[in-house]
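Since every read-out is calculated from the coordinates, none of them should be taken as a lab result. Just so it is clear, the model here is predicted, and its values are computed rather than measured. Reconstructed Cβ throughout: ideal geometry from the backbone, glycine too, with neighbour counts over all protein chains shown.
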Amino acid sequence: MLVISLSSGPAKATHRLAVSALFFLQGLCFASWAARIPSIQQKMGLSDAELGAVLFALPVGLMLSLPLSGWLVATQGSRRIALIGALCYIGTLICIGWAQNLPQSVGFLFLYGVAGNLMNIAVNTQAVGVGALTNALSWPRFTVFGVWRALPARPSALLCWGRVSIQWPISC
């Protein structure tokens, strides 16, 4: 259940900034992961077909966690689930970089999908709540941060080009 009861302008701005930061964090994590897919393929020695099968764990985690995510946001609140989802999203991103074998990679990618979905549904719910709080349609402003998701990929791409080990850029 989403309940926001603030009347002051600075508090509203703080909520907008917090939700925007969570959108940006999600983009940063995903861009860091996506830019390192070729490095992970090389580290694991996977063919293109094998890589596709491994990567399939991510959307499976996303899809299977949809009912769970909605239920958790409804029963525990979107703020709590957004924070838990963000911590899990970052944690599983770190684990992906340190995975040593195929089963670990598949498991961590599945969990990365679950955590991403938890965070995504909760943050979007928060964005709707902030829009209601400010009596404005704020959600499109928040999704502009989706465009910024490409920004964090640039430093990660430079690290790939410089052949920096995948554990550290993903873990940072």
Options LEU55, SER69, MET44, ranked by Cα towards positive dipole end of segment 2-109, top entry (Cβ charges) | SER69
With a Förster distance of 22 angstrom and the Cβ-Cβ distance between SER47 and GLN104, calculated FRET efficiency to the nearest 0.05 equals 0.75
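Roughly speaking, what is the stretch gain from ILE94 to LEU55, that is 0.36 nm per residue apart minus the C-alpha to C-alpha distance, in nm to one decimal? Please report the intermediate quantities before stating the final value.
Numbers: separation 39, 0.36 × 39 = 14.04 nm, distance 1.63 nm.
The span from ILE94 to LEU55 would gain 12.4 nm if fully extended.
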Using 1/(1 + (r/R0)^6) with R0 = 45 angstrom and r between the beta carbons of THR75 and LEU17, what's the FRET efficiency to the nearest 0.05?
-> 0.95
